[in-house]
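The values are calculated or read from the model by the stated rules, or taken from the named source; none is laboratory data. On a predicted model such as this, the values are computed, not experimentally measured, just so you know. Note that we place each Cβ from the backbone using ideal geometry, even for glycine, and neighbour counts take in every protein chain shown. Note: areas computed on protein heavy atoms with side chains; ligands, DNA, RNA excluded. Shrake-Rupley method; radii C 1.70, N 1.55, O 1.52, S 1.80 Å.
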Amino acid sequence: MGRLFLIDLERDFYSCKHCQTPFALAEHLISRAFYCPYGQAYRFDKVVNVSFGEREEQIIIPGLCSTTIDIYCVKCGSILGWKYESDHVENQGYRYRLVIARSKILGPGEDPNVPPLEDA
Ligand SMILES: [Zn+2]
């Protein structure tokens, strides 16, 4: 079970598309330039209200192996994205990456009944 954290809803936040549970503040968005099997994905440096799945070894690119851990919404159990861990990328400035699928979330102020736009 994940722990539930209180997020200050006065600030811009990203939330689960299915149950609108907030999982990250807009200020924790690092990059929109990432792609995953679900299409465009965002990188965050911090997420809350999520639970993590099993560790899984995965090849990111040929010759570079990484550990991936599924990230689920702690409330409804929907998959939101993945946590990537790799010793190989440590010298590039990060040891892990939190990648959230754009199609699984709502951005700040988005209506849950309107599909999110793919933005560049
Ligand atoms: Zn949810």
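A few comments on the model shown:
- Conditions (1) touching a strand residue (DSSP E or B) at 6+ places or on another chain (Cβ under 8 Å); (2) modelled with pLDDT under 90: number failed by LEU4: (1)
- Residues that are more than 11 Å from GLY107 (Cβ to Cβ) and not in a strand (DSSP E or B) were ranked within segment 18-29; the one that is farthest from the ligand (Cβ to nearest atom) is GLU27.
- Checking every residue in segment 8-17 against the condition of being open to solvent by 30 Å² or more (accessible area, probe 1.4 Å), modelled with pLDDT under 85 and within 16 Å of the ligand (Cβ to nearest atom) gives at least one match.
- Exactly one residue among SER103, SER78, SER86 is within 16 Å of the ligand (Cβ to nearest atom) and modelled with pLDDT under 95, and that residue is SER103.
- Selected residue [open to solvent by less than 90 Å² (accessible area, probe 1.4 Å), out of contact with any helix residue (DSSP H, G or I) (no Cβ under 8 Å at 6 or more places or on another chain) and at pLDDT below 85] from VAL114, VAL48: VAL114
- Scanning segment 31-44 for residues that are at pLDDT 90 or above and surrounded by fewer than 15 Cβ atoms within 10 Å (Cβ to Cβ) gives SER31, ARG32.
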